[in-house]
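Structure record follows, encoded as C-alpha cells.
The values are calculated or read from the model by the stated rules, or taken from the named source; none is laboratory data. The structure displayed is predicted, hence computed values, not measured ones. Cβ coordinates were reconstructed from backbone atoms using ideal geometry, including for glycine residues, and neighbour counts include every protein chain displayed. Only protein heavy atoms, including side chains, enter the accessible area calculation; ligands, DNA and RNA are left aside. Shrake-Rupley method; radii C 1.70, N 1.55, O 1.52, S 1.80 Å.
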Amino acid sequence: MAAMAAAFVNSTDRHIFLTGKAGTGKTTFLRNLAESTHKRHVILAPTGIAALNAKGVTIHSQFLLPLGSFIPERNAPDEVNLLGNFWDRDNLSSKHPLNGMRRNVLREVDLLVIDEVSMLRADLLDAVDHRMRQVKHRYDRSFGGAQVLMIGDLYQLPPVVKDHEWSVLKSWYDTPHFFAAHALRPYADGSGGFVHIELDKIFRQQDECFIRILNNFRNNTVTAEDVAELNKHYRSDVREEDEGVITLTTHNNMADDLNRAALERLPGDPHFFTADLDGVFPESMYPLPEQLELRVGAQVMFTRNDPEKAYFNGKLARIVRIEDEIIEVAMADSGLPYVLKKVRWENKRYKVVEDTKELTEDIIGTFDQYPVKLAWAITVHKSQGLTFDKAIIDVGQAFAPGQVYVALSRLRGLDGLTLRTRINANVVSSDADVVAFTAGKHDAAVLPDLLKEQQRGYLREVLANTFHLMPVQFVAERIFKAHEKAFFADNTIRQALVDLVEVLKKEGENTLRFRGQLIRLLESGTREELLTRIQKGSAYYTDLLLVHVKNTVRNTAVLSRLTGTKEYREDLDDLDSVLMKKIAEIAKAEHIAKCILENVVVSRNEGIDRKLKDRRQAILEQVAAYMVEHHPAGKGRSGRVRKAREAGAKKAAKGDSYKLSCTLHAEGLSIEEIAGKRGLTRTTIESHMAPGIRNGQVDITRLMSEEVRDAIAARLKEFPEASTKDHVIALGNAYSYGQVRMVAAWAEREP
C-alpha cells in the first residue's frame, strides 16, 4: 500500500488521506516521500511539536492564520462576527493578509503534506484552501490546484474545539474532523474529493490476539472477552521503579507527579542541564524542558532517533554516572553503556531563494539539548509515534475517544502489558463520526484501476496546463497596468513588459493548437509521436521564456540601483518567479509523460533540476556582468523621466548614454566616428548598439554582415547558458564582445 500511496502522490493530482493503524509505517512513508518526490512541497502539522517531529512547520505559521475559527463564507452573519475570533474569507484576507515571503512559497508549491491530520479541524483546512486559491489565482480548484496529502490516524488524537466555537461551527460542519471540510467535497462533475488509502501491514505488533483486540477497539466492536483478556494484566501494587518500565497515563499532572515523586526518592544530588537556544524557537515548540533535572538512577527515555542506531525515539535507559557535563546511561534492554551527546532540533520556515527561485528551507532557530527526559511516566498524548516493549497503562480516567486504543497500541504485545487500573468498557468506544467515515474508505481492490484513471487525468492536466501561458500573461499585464505611468531613462525597462505581453498574446493561439494536438495524441495512444512533440514544444517555449527571464532579472537589477522603485522591483520579482515556475513545469512535462505512459514511478529527476539551475546561474552571471559595465554601483537616483520629455528629448541624460550613440548612428556615423566624437572606446559604443537593436531602433545589418551575424547566432543558440566571454573564446576571438552582445540582442527580438 505504501507504493500505491506514493504512486497516487507522484503521478496524480488527487488529494489523498493516508492512514493506518499504529505501527504501520506512516512516519517512514513521509520521510521517504520527502526525499524522492518530484513535486515542490511543504510539510505542515497542526501543532509545534508535531511539526518538529515531521521536520516541517505549523499550519498557522505558514498560512498566517489568526487564533480562532474560520467560517467558509465571504461574509459571515453579523451575529457571528460580533462574537470575536471568528474569521470569514473577506476579513481573513483584509485583516490578516499573507506577507510576501509566504505568498512566494505557496505560489511555488505543488504539494501540501499535512502530518497528524487527525488533530486538524475542518474549518482550518478550509482556511488553508482559501489561502491557496487566493495566492494561486485559481478559484475553480480546491487548494488552488495544489495537491494535498493528509497523513494520520483518526483513532488517535482528535481535534480540539471549544463548546462556544462548536455552537457556531456546527451550522457549517457536521463534525469538527478534517474530512468534513468543504474543500474536500467532490464536485458535481465527479472530480475533487480525495482517495482514502490505508497502510495495512503492521510492523509494531506480531501478537495475533493483541492485534485482534486493537482492531476491535478501532471498530467499536470490543467484546466482553476482549476486556477480560486485557484485565488479566491488572496489578494494583506495581511501582515504576521496581518494574523499570514506563507508565502511560491520561493527564499531564498525573505524569508529572509520578516523575517528580520517583525522582525525589532517589539518593544523591540533582544535576541541571540547560538547553542552548539560538534564533527563533518558541516555547510551544520545545521538544524537552529548557532545563533538564536529572539524578543518578533516574529512568529516562530517548526523544530522538540516533543516525548511528545507538538509540531510538522511545528507548528507555537508566542514568549511571553524571560528572560535570558527562551523562552516562545504561540501556534498559541490554545494559550497554552510552555517553549522551547534545543533539539539535531546528525551527524552520520555507522560502523562495531570491536569485535562483528555488523553494528551500530556512533554519530560523535551534534548540540543543541532551535527547532524554524523565520516563517513569508519560501522557498518552505524548506517546504517539512511540513503541515500547513493556509499559504500565493507567487509563482509568480516559476522557477522549481513542485514548485507550492509543495507549495500548504503543506496545508490541500483551506480554509487555501491565494495567494499573482496570479497563472500563464504557470508555473504550471510538468516535462514531470516525467509525462511519472509515467505513466508506476505498476498497484496496479498486485502487489500481482508480490509479490508472487518475494518472490519465493528471497527464491530461499536465499537458493542458504546462503549455498554457495565460497565467504568465496575466501577471505581466497586471504589472504593466500597475506601472503604466512609470517612465525611466532606461526605456528597456518599460519595453521589456510590452514585448513580453505582445509575445504571450501572439503565442496564445499557437499554444491552444499545440495543447489540442498533444491531447489528441494522448487519446489516440500515439506514444512516441506525443513524446517527440512534447520535447520539441518544451525546447521552443523554454528558449522563448528564458529571454524574458533574462530581461526581467536585468531590469530588476537596474531598478535596484534607483530610489523609489521597491514596489516595481517586487512586482518584477513576482514575474520572475512565475516565468521560472512555468519553465520548470515545461522541463518536467516530458519526464512525467514518459513515466506515466511506461507505467513507472514518477520520481525526482536530478538531471532536469541541474540543467534548470545551470541556466538560471548563467543568466545571473550575464546580468551581473552587464551591471558592472553599464550600471556601476553608486549613489541611487530615481531614474525616472516625464513621458513628454522621454518622447521629445534629443540630448541624452547621463543614464541615457546609449540613446545618444544610437541617435548618432541613425544620423549616419560609423562605430569608430561615434567613439571619436564621444571620447569613448569602440567596445563601449558597440555595447550601446545592443539595446538599440533590442528595441528596434538600430538595424543590425548596418553594423555587420549577415554571415557574421549568423555565425555568432548559431553559437548563441547552441550554448544559451554560456557567458559572453565563453562565446568570444569559443569563436576564436574572431568577434568582439560588443558584436556578441549585439547578436544576442537581435536574437532576443527575432528568435
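Quick notes
- DSSP bridge orientation in the chain - percent antiparallel, rounded to nearest 5: 50
- Full extension of the segment from K481 to R610, taken as 0.36 nm per residue of separation minus the current Cα-Cα distance, would add 42.9 nm.
- Applied to region 42-50, the Karplus parametrisation 6.51 cos²θ - 1.76 cosθ + 1.60 on θ = phi - 60° returns per-residue 3J(HN,Hα) values of 10, 9, 10, 8, x, 10, x, 5, 4 Hz, with x for Gly and Pro.
- For the pair R344 and N253, the difference between a 0.36 nm per residue extended length and the Cα-Cα distance amounts to 30.0 nm.
- Proximal lysines relative to K659, as straight alpha-carbon distance under 26 Å, when same-chain residues fewer than 8 apart are discounted: K481, K485, K550, K566, K635, K643, K650, K651, K677, K725
- Calculated [222 nm] ellipticity per residue, helices only, for the chain: -15000 deg cm²/dmol; basis is -39500 (n - 2.57) per DSSP H run with n ≥ 4, divided by all residues, nearest 500.
- Stretching the chain fully between V628 and R520 yields a gain of 33.9 nm (0.36 nm per residue, less the alpha carbon separation).
- Between amide H atoms placed 1.01 Å from N, distances below 5 Å from S69 occur with F86, W87, all of them 5 or more places distant or on a separate chain.
- Structural size metrics of region 685-751, computed from C-alpha coordinates, are Rg and Dmax of 10.7, 30 Å.
- In terms of overall dimensions, the chain has a Cα radius of gyration and Dmax of 31.9, 107 angstrom.
- Translational D in µm²/s for region 279-321 (Stokes-Einstein at 37 °C, 0.692 mPa s, Kirkwood Rh from C-alpha pairs): 268
- Hull volume per residue, based on the alpha-carbon atoms of region 503-574 and their convex hull, is 92 Å³.
- Packing-based ranking, highest mean first, of 297-308, 115-126, 605-616 given that Cβ atoms within 10 Å are counted: 115-126, 297-308, 605-616
- On Cα atoms only, tilt of 606-630 relative to the major axis of the chain in degrees: 50
- Judged by the mean number of other Cβ atoms found within 10 Å, the most tightly packed of the peptides 27-38, 460-471 leads the ranking 460-471, 27-38.
- Carbon/sulfur fraction of accessible area - the chain, other protein chains in place, 1.4 Å, %: 50
- Normalised per residue, the accessible area of region 453-558 is 45 Å², obtained with a 1.4 Å probe and no contribution from ligands, DNA or RNA.
- Nearest-0.05 FRET efficiency for K309 and L731, computed from C-beta distance (R0 45 Å): 0.20
- Three-way shape call for region 1-59 based on the alpha-carbon gyration tensor, with the a/c threshold at 1.5: oblate
- Projected-area average for region 437-589 over all orientations - Cα convex hull basis, square nanometres: 12.7
- Dipole of region 406-532 computed with +1 at Lys/Arg Cβ and -1 at Asp/Glu Cβ about the Cα centre; of L451, I493, S409, farthest Cα towards the positive end is S409.
- Intensity falloff of region 258-366 expressed as log10 I(q)/I(0), Debye formula with alpha-carbon point scatterers, at q = 0.20 Å⁻¹: -1.15
- Per residue, region 199-309 exposes 54 Å² of accessible surface when a 1.4 Å probe is rolled over the protein heavy atoms with every protein chain present.
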